[in-house]
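Down below is the structure, laid out as structure tokens.
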Amino acid sequence: MSLQTENNKMLVNASSVRALLGFYGIKLSKSMGQNFLIDANIPAKIVRMSGINKTDGVLEVGPGLGSLTSELCAAADRVVSVELDKRLIPLLNEMFSGQKNVKIIQGDILKTDIRKLVNDTMSGSECRVCANLPYNITTPAITAFIESGVFKSITVMVQKEVAQRICAKPGCPDYGAFTIYSGYHTDTEILFDVPPECFMPRPKVTSSVVNMKIKDKQLLDNEKKKLFFRIVRSAFGQRRKTLVNALFSTFEKTHSKDKIKEAVVKCGFDIRVRGEVLSVEDYILLCNHL
């Protein structure tokens with residue numbers, strides 16, 4: 001049974017997926033969040049809307065059976081795909097054996113030195129992330145991508161509710177600390193939704209593809225940045241409290257309640273304001289006043 005085809009589109013339909021899994025004796029793992037795309041339009045659309053081009057190196061996480069990997073190979077200069085499931089490595093190696101710009105690595109992305117991996121494999125290229133992320137590692141994976149400091153953009157498929165949380169506006173129920181974290185570091189946009197029937201097996205939720213463009217400049221120096229996120233964690237960790245009360249419970253050893261009230265008022269906020277209605281820019285202003 002050969003996996004070599006002209007464009008690898010054989011992998012993006014239900015019958016071929018079942019045949020390949022059966023041939024390699026692979027049973028899908030719920031713990032690894034394995035849901036394989038069976039609609040060829042989706043990986044092509046992801047790559048097209050990601051902005052990836054022939055000058056880019058791309059990190060992919062969780063390639064699965066390689067449907068997105070195939071599109072990335074055609075669009076990018078170099079592709080490095082990190083797959084946790086050891087059983088899929090022989091399949092991926094066979095499938096992409098003729099592709100010189102693809103490197104398949106078995107490993108856990110959450111235990112990987114991402115900066116070193118990118119520097120070792122994609123030196124000289126603009127680097128981006130493009131992945132159909134396993135749902136169970138979405139937040140820590142995105143955080144790791146951002147903290148590595150080596151990517152121009154991050155385009156990932158995630159649960160729709162997570163996408164809404166990443167891109168939420170102040171005052172919305174989905175707005176939270178991770179929204180602020182994402183908005184501080186990136187400009188975020190939901191590109192499109194992907195219904196459950198595009199996967200095998202079908203997940204119980206709708207997915208969304210999110211694009212996160214890394215901001216060119218750091219908004220605060222390192223010390224102020226630490227204070228900024230301490231303020232954010234305080235505000236959203238006690239979001240039922242007013243911002244003043246939430247901050248006082250965190251900063252009472254260094255700031256009196258009157259000083260906190262003074263800072264809030266100087267920012268132009270109502271003394272009864274809650275943290276969930278403040279934007280990234282509002283938190284930066286508050287950080288500077290504190």
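Computed from the coordinates by the stated procedures, all read-outs in this text should not be read as laboratory data. Since the model is a prediction, treat every value here as computed from it, not as a measurement. Note that we place each Cβ from the backbone using ideal geometry, even for glycine, and neighbour counts take in every protein chain shown.
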Using a ≥ b ≥ c from the Cα gyration tensor of the chain (square roots of the eigenvalues), is it rounded, prolate or oblate, where a/c under 1.5 gives rounded and otherwise the larger of a/b and b/c decides, a/b for prolate?
prolate
Hey, what do the phi angles of the range 160-171 turn into as Karplus ³J(HN,Hα) couplings, whole Hz, using 6.51/-1.76/1.60 and θ = phi - 60°, x for Gly and Pro?
4, 5, 5, 4, 5, 5, 4, 9, 5, 9, x, x
Assign one of three labels to the range 74-220, namely rounded, prolate or oblate, based on the Cα gyration tensor with a ≥ b ≥ c the square roots of its eigenvalues; rounded applies when a/c is under 1.5, prolate when it is not and a/b is larger than b/c, and oblate otherwise.
oblate
The exposure ranking of SER16, SER97, fewest beta-carbon neighbours within 10 Å first, is SER97, SER16
Using label points projected 7 Å from each Cα along Cα→Cβ, tell me how many nm separate ARG202 and GLU281, to one decimal.
4.4 nm
I'd like the distance between the alpha-carbon centres of the range 270-290 and the range 159-173, rounded to an integer number of Å.
19 Å
For a label point 7 Å along the Cα-to-beta-carbon line of THR143, residues of the range 24-40 with backbone N under 20 Å
32-33
Run the helix sum for the chain: -39,500 (n - 2.57) per DSSP H stretch of 4+ residues, divided by residue count, reported at 222 nm to the nearest 500 deg cm²/dmol.
-11500 deg cm²/dmol
Between GLU262 and ASP113, how high is the FRET efficiency from 1/(1 + (r/R0)^6) when r is the Cβ-Cβ distance and R₀ = 25 Å? Nearest 0.05.
0.05
Specify whether the C-alpha gyration tensor of the range 222-289 places it in the rounded, prolate or oblate class, a ≥ b ≥ c being the square roots of the eigenvalues: rounded for a/c under 1.5, otherwise prolate if a/b is larger than b/c and oblate if not.
rounded
To the nearest 0.05, the calculated FRET efficiency linking GLN99 and LYS27 through their beta-carbon distance, R0 being 25 Å, is 0.40
Given Cβ point charges of +1 (Lys, Arg) and -1 (Asp, Glu) and nothing else, what value in debye, to the nearest 20, does the dipole of the range 9-214 about its Cα centre take?
280 debye
Testing the spin-label approximation: label points 7 Å from Cα along Cα→Cβ at ASN136 and LYS54. State their distance in nm.
4.1 nm
Extension gain LYS226-THR254, at 0.36 nm per residue separation less the Cα-Cα distance, in nm?
8.5 nm
Can you give the net charge of the other residues whose Cβ lies under 11 Å from the Cβ of HIS255, counting K and R as +1 and D and E as -1?
+1
Lysines with Cα under 16 Å of LYS225, excluding same-chain neighbours fewer than 8 positions away:
LYS215, LYS217
What ranking do PHE178, PHE145 get, fewest neighbouring Cβ atoms within 10 angstrom at the top?
PHE178, PHE145
Express in nm, to one decimal, how much length is gained between PHE192 and THR121 on full extension, taking 0.36 nm for each residue of separation and deducting their alpha carbon distance.
22.5 nm
Run the dipole for the range 169-213 about the Cα centre, Lys and Arg Cβ at +1, Asp and Glu Cβ at -1, nothing else charged, and hand back the magnitude in debye, nearest 20.
100 debye
